[in-house]
Every structure is written in structure tokens, then in C-alpha cells.
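The values are calculated or read from the model by the stated rules, or taken from the named source; none is laboratory data. These numbers come from a predicted model, not from an experiment. Here Cβ is always computed from backbone atoms with ideal geometry, including for glycine, and neighbour counts include all displayed protein chains.
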Amino acid sequence: MPIPVFAADQVHAAVDPSDAVEAVRRAFVAHARGEWLMPSKVYVPVPPDGDFRAMPARGGGYAVLKWVTSFPRNPERGLPTVAGVVLLSDAEDGRLLAELDAGAITALRTGAAAVLAAETLGVGDTPAAVIGCGVNGRAVARTFLARGRDVVLWDADTDRTAQVAAEIGARAADSRESALAADVVATVTPGREPLFEPGSLRPGQHVSLMGADGPGKAEVPVEELARAHVVVDECEQSATDGILPAEPRVRLFCDEWDQASHGGDIANAVQAGKIGREDVAQLGDVLTGHAEGRQSDDDVTIFDSTGLAVQDLAVAALVYERAKELGMDVPTIDL
């Protein structure tokens, strides 16, 4: 039986970033409603900071398995950080339908999730700052641009920042500090150290944290996440007593609590005993109206993404369907 094999270029030719946002939106909603099944992600760590991941999901008539790597130091070796395959199957009879490049699927859904969170939780249509100009950072920037938003970029590699800005039609930020102070920020870094200083998130700001997607990683300090619970509550109480002005409410969101509470930024705050389940809403629950999103223009909203297999499923299925509609010439293998 011939199975189409989608290389990265063919994945991107089949689905544009804006369409990926809508596919990922549907995935969040279906998962929140219990219509799509997603067993826990399995990590196989490779010290000091690499890992393999197995990510299954089922929904919409399909099943998917993503076998993917994350080796943040690979660019130093001339290799991609993310590599692997996505296997798409028919959920009714188990037939393998397609094999797709995992790096391309991951990039599309990462960009889509970052932008969907910003559109759902942010204020207005102000320029977005993207921190990190690797493969997934570029994908996030391209997705913001595809949705009509201006983009500024910052990367520790200034040459890469300038190159990517010229390539995609964005502009380079004056400094890391100016980028981190934008109304909408998406951080797409290896997550080896926090980018924000404690107390630096400001009223009205939205941040999509896309890089710290596993144990031990962080892009924001625990102190900033803790503002969603103890610190903010104390300031609000003091304000009612006429002692201190109330600080803006920090509201925390994640893609899925079970996964986020065991890996990434939110997990660090949970392990430190600074926040609990009651302090965090899932984005899918906000989209379905079962959880509150931003309540005030002064709120600080933080979305912590660890990457969901249902997002991969939604994008992989869309690539497969669009390729058939477009009559794309995709190489096949016989199994």
C-alpha cells in the first residue's frame, strides 16, 4: 500500500500559518469537550538537555503518533533542534495514511498555539515581539504576520535576528529589554534560563511562553507566576485597607494542566508550592466558555505551552486533507 511521505516543504505548501491557527483552535475546543483523546506524553531524557518524546492522540476520525526529539544544542552541530516523524492513521480501521516531517508539523502548531493564545488573551492588535529566531521562533513570527500583526524580533544572535527579519518582513528590536516590554510577547527559546526579571511583567501585557516545554526548563521566573496567587491577593487586600494600590491581576493559562504541571514554567511554580490548580485555566476551557480569560485591560496574562499531541493531530490531518484537495504530488513508500 503506497503511503505519502510529506517533507517539510510539502507540509508548508499544503497549510498556511493562518489556517493552522484555526485547526489548532478546533483541537483545543474538541479536547476541552472530551471529544478527542490524548494520553500522556512520554519523555525519554538524554542528559544534559536532550530528549525523545512519544505523543499519541485520537480525534476527528484520525489517530496520530509523533516521535520527535528536542536537542537544543544541535544548531551548534549544524543539526536541527527538532526532528522526527508524525504518523497519521485512520481511526476507524487503523490504516496508516501518511508520514509527515515532525519538525514542520511542530513549527506550524507552535506558531498557531502562540498566536491563538495572544488573540484570545491579549488586548488589541498591537505589534508582537518574538524572542528567539530559531525554526519555531520563525514559525511564531510568520503566524503573527499571517494574521495581520506587525512583528519585532530579538535573538541572542544579532546576525540571525537581522537575517530572519529581512526574510519574513519583520523588524529587529532595538534591544532584548524593549522586546520583552512589548504588549504581546512570545518567547521561543531553549528555556535554559528565565528571560524576564522578577516584577518586570507590566499591566496589560500578554506573554506566550513556548520554549520551556519540559522538566527543568524555564523562560519566566517563579516569582512572576506566583503573582497569580499569594502576592497579588495580598496587594488587593492591602488596597481595600487603603494601604497599598492594587497591582494588576496576573492570570495564568496553559494548554493542558496535567502536562503543564509536570514540565515547563508552571511546573516550576507548582513544585515550589507557589501556585495550584485553582490558579491556572486551560486555554481550551476559555475557548469553550468554561473558564474566564482576561478580565481587565490591566490584567497580565501568561500562557504556558508544553505542546499537545492534539495540536499535531489537527495540523497533520489538515495537511493530509489539503494535499488531496490540491492534488499535490507527494512521494510515497510501499508498506
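Quick notes
- Answer from Ala165, Ala141, Ala173, Ala182 - the residue that is among the hydrophobic types (A, V, I, L, M, F, W, C) and either at pLDDT below 95 or within 21 Å of Asp19 (Cα to Cα) (or both): Ala141
- No other residue among Thr106, Thr69 is touching an Asp or Glu at 6+ places or on another chain (Cβ under 8 Å), under 25 Å from Asp258 (Cα atoms) and not in a strand (DSSP E or B) apart from Thr106.
- Meets criteria (touching a residue at least 24 places away in the same chain (Cβ under 8 Å), surrounded by fewer than 24 Cβ atoms within 10 Å (Cβ to Cβ) and in a helix (DSSP H, G or I)) for Thr120: yes
Listed here are the residues, each with its yes/no results for (1) touching a residue at least 12 places away in the same chain (Cβ under 8 Å); (2) farther than 20 Å from Val29 by Cα; (3) surrounded by fewer than 22 Cβ atoms within 10 Å (Cβ to Cβ).
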| site | (1), (2), (3) |
| --- | --- |
| Ala272 | yes, yes, yes |
| Asp279 | yes, yes, yes |
| Gln282 | yes, no, yes |
| Leu287 | yes, no, yes |
| Ala291 | no, no, yes |
| Gln295 | yes, yes, yes |
| Asp298 | yes, yes, yes |
| Phe303 | yes, no, no |
| Ala309 | yes, no, no |
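Rundown of residues vs (1) more than 21 Å from Leu252 (Cβ to Cβ); (2) touching a residue at least 60 places away in the same chain (Cβ under 8 Å), yes/no style:
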position	(1), (2)
Arg95	yes, yes
Ala104	yes, yes
Leu108	yes, yes
Asp125	yes, no
Ile131	no, yes
Val135	yes, no
Ala139	yes, yes
Ala156	yes, no
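- Sole exception among (1) closer than 20 Å to Gly284 by Cα; (2) crowded, with 22+ Cβ neighbours inside 10 Å; (3) of a type in the set (D, E, K, R) for Arg58, by number: (2)
- Whether a residue is assigned by TED's automatic domain parsing to the domain that holds Ala23 and either within 17 Å of Glu22 (Cβ to Cβ) or in contact with a Cys (Cβ under 8 Å, 6 or more places away or on another chain) (or both) was assessed, and Gly60 passes this test.
- Within region 179-210, considering residues that are of a type in the set (S, T, N, Q) and assigned to a loop (DSSP other than H, G, I, E, B), the one farthest from Glu224 (Cα to Cα): Thr189
- Test result for Thr301, modelled with pLDDT under 95, of a type in the set (Val, Ile, Thr) and within 20 Å of Gly211 (Cβ to Cβ): no
- Matching residues in region 143-178 - criterion: being basic (Lys, Arg), outside any strand (DSSP E or B) and exposed (fewer than 15 other Cβ atoms within 10 Å of the Cβ): Arg176
- Residue satisfying condition, being under 18 Å from the mean Cα position of the chain (by Cα), of a type in the set (Ser, Thr, Tyr) and modelled with pLDDT of 95 or more, within set Ser18, Ser89: Ser18
- Selected residue [surrounded by 17 or more Cβ atoms within 10 Å (Cβ to Cβ) and acidic (Asp, Glu)] from Glu99, Glu92, Glu76: Glu99
- Whichever residue in region 24-52 is outside any strand (DSSP E or B) and β-branched (Val, Ile, Thr) and, among such residues, is nearest to the chain's Cα centre (by Cα): Val24
- Scanning region 252-284 for residues that are out of contact with any helix residue (DSSP H, G or I) (no Cβ under 8 Å at 6 or more places or on another chain), closer than 13 Å to Leu308 by Cβ and in a helix (DSSP H, G or I) yields Asp258, Gln259.
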